[in-house]
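Structure first, then comments.
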Amino acid sequence: MKKFLFACVILLVVILAGAWLVVSVHTKSNYDRMREGLVDTYYVVTPMDDQFRAFLAEVQSNWTCRVNEIGGPDSEVVKLAGMTPSVRNLIYVFNYQVPEYSWFSPKRNRQAALIGLIKAKFFPRSVDKQWHVSEDQHLAVLWGVTNAVYVHQDETGGLRTALYFKKKKNIERSGARTGDSATAPSPLPTSGVNLP
């Protein structure tokens, strides 16, 4: 009788371990597929130089501000990732590199998958593929498309996002007539800085 009971316990342990392994292998496969899709999805963090600050001043003075709000969609993206909205955390979410699957830390896998999925769904487009960040790292600019610039700034009330537009006709005309480089700074800085 004892042998039969012992054999049943061993059989139950083997069945549970096998089921855990099957589920884990399937989960790891999905996780790895997501991870591979996001490997090269990030933008270089670049300190603002004088040329880019001049471009930003041009944008803020002469382009049309269509959105200027605290707690907008970008703040919600950061909150979805379980963080407090800030410039640093916004860049962290969009530059997040999904770590390798951990066989023994399902909690870490869930958090990594959550941030990876948020990043995959909401990753912004950028012309120069750079986050231009102020020295104090409380202001970040993302040049969305040739005629759109996102300005993110930490404020007392939260993360402020402003979206500036310039009509494409004006970009083409000013660039063609005057060769004005204020609408498109060139060359842009390429040195990166790491945010901890």
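The values are calculated or read from the model by the stated rules, or taken from the named source; none is laboratory data. The model shown is predicted, which means the values in this text are computed figures rather than measured ones. When we count neighbours, we look across all protein chains shown, and the Cβ atoms used for this are built from the backbone with ideal geometry, even at glycine.
Which condition number does Gln111 fail, the rest of (1) touching a Gly at 6+ places or on another chain (Cβ under 8 Å); (2) at pLDDT below 90 being met?
Of everything listed in (1) touching a Gly at 6+ places or on another chain (Cβ under 8 Å); (2) at pLDDT below 90, Gln111 misses just condition (2).
Which residues, counting only those in segment 131-146, are out of contact with any Pro (no Cβ under 8 Å at 6 or more places or on another chain) and either part of a helix (DSSP H, G or I) or free of Cβ contacts under 8 Å to residues at least 40 places away in the same chain (or both)?
Result: Asp136, Trp143, Val145, Thr146.
Out of curiosity, is Asp50 of a type in the set (Asp, Glu), over 29 Å from Gln97 (Cβ atoms) and exposed (fewer than 11 other Cβ atoms within 10 Å of the Cβ)?
Numbers: of a type in the set (Asp, Glu): yes; over 29 Å from Gln97 (Cβ atoms): yes; exposed (fewer than 11 other Cβ atoms within 10 Å of the Cβ): yes.
Yes: the conditions hold for Asp50.
Could you list all residues from segment 43-66 that are under 19 Å from His138 (Cα atoms) and outside any helix (DSSP H, G or I)?
Listed by number, the residues that qualify are Tyr43, Val44, Val45, Thr46, Pro47, Met48, Asp49.
Looking at segment 147-158, which of its residues are over 15 Å from the mean Cα position of the chain (by Cα), in contact (Cβ under 8 Å) with a residue 24 or more places away in the chain and closer than 16 Å to Arg88 by Cα? Write out each step before concluding.
First, the residues of segment 147-158 that are over 15 Å from the mean Cα position of the chain (by Cα): 147-149, 153-158.
Add one more test, that the residue is in contact (Cβ under 8 Å) with a residue 24 or more places away in the chain, and what stays is 147, 149, 153-155, 157-158.
Selection gives Gln153, Asp154, Glu155, Gly157, Gly158.
From Lys28, Lys107, which residue is of a type in the set (D, E, K, R), surrounded by fewer than 10 Cβ atoms within 10 Å (Cβ to Cβ) and either out of contact with any strand residue (DSSP E or B) (no Cβ under 9 Å at 6 or more places or on another chain) or assigned to a loop (DSSP other than H, G, I, E, B) (or both)? Steps first, please.
Values: Lys28 fails: surrounded by fewer than 10 Cβ atoms within 10 Å (Cβ to Cβ).
The unique qualifying residue is Lys107.
Looking at this structure, is Asp128 charged (D, E, K, R), outside any helix (DSSP H, G or I) and touching a Phe, Trp or Tyr at 6+ places or on another chain (Cβ under 7 Å)?
On the way: charged (D, E, K, R): yes; outside any helix (DSSP H, G or I): yes; touching a Phe, Trp or Tyr at 6+ places or on another chain (Cβ under 7 Å): yes.
Considered against the rule, which asks whether it is charged (D, E, K, R), outside any helix (DSSP H, G or I) and touching a Phe, Trp or Tyr at 6+ places or on another chain (Cβ under 7 Å), Asp128 comes out as yes.
If I go through segment 30-59 residue by residue, how many of them are without any contact (Cβ under 8 Å) to a residue 12 or more places away in the chain and farther than 15 Å from Ala112 by Cβ? So that I can check it myself, show each step before the final result.
Residues of segment 30-59 that are without any contact (Cβ under 8 Å) to a residue 12 or more places away in the chain, as a first pass: 30, 33, 36, 40, 50, 53, 57.
Next, from what is left, pick out any that are farther than 15 Å from Ala112 by Cβ: 40, 50, 53, 57.
Selection size over segment 30-59: 4.
Considering only segment 110-151, state which residues are buried (at least 20 other Cβ atoms within 10 Å of the Cβ) and basic (Lys, Arg).
Lys119
For a quick check of your reading of the model, give me the residue pairs whose first member lies in segment 5-24 and is part of a helix (DSSP H, G or I), whose second is among the hydroxyl-bearing types (Ser, Thr, Tyr) and surrounded by 10 or more Cβ atoms within 10 Å (Cβ to Cβ), with beta-carbon atoms closer than 9 Å and at least 6 apart or on different chains.
Ser24/Tyr101
Is one or more of the residues making up segment 85-101 acidic (Asp, Glu) and either touching a Pro at 6+ places or on another chain (Cβ under 9 Å) or buried (at least 20 other Cβ atoms within 10 Å of the Cβ) (or both)?
Looking only at segment 85-101, we keep the residues that are acidic (Asp, Glu), and these are 100.
Next, from what is left, pick out any that are either touching a Pro at 6+ places or on another chain (Cβ under 9 Å) or buried (at least 20 other Cβ atoms within 10 Å of the Cβ) (or both): none.
No, segment 85-101 contains no residue that is acidic (Asp, Glu) and either touching a Pro at 6+ places or on another chain (Cβ under 9 Å) or buried (at least 20 other Cβ atoms within 10 Å of the Cβ) (or both).
Could you say which residue among Leu90, Leu21 is modelled with pLDDT under 95 and at negative phi?
On the way: Leu90 fails: modelled with pLDDT under 95.
Going through Leu90, Leu21 in turn, the sole match is Leu21.
I'm trying to understand the selection: among the residues of segment 15-72, which are out of contact with any Asp or Glu (no Cβ under 8 Å at 6 or more places or on another chain) and basic (Lys, Arg)? Outline the logic, then answer.
Here is the first cut: in segment 15-72, the residues out of contact with any Asp or Glu (no Cβ under 8 Å at 6 or more places or on another chain) are 15-34, 36-46, 49-69, 71-72.
Residues satisfying the conditions are Lys28, Arg33, Arg53, Arg66.
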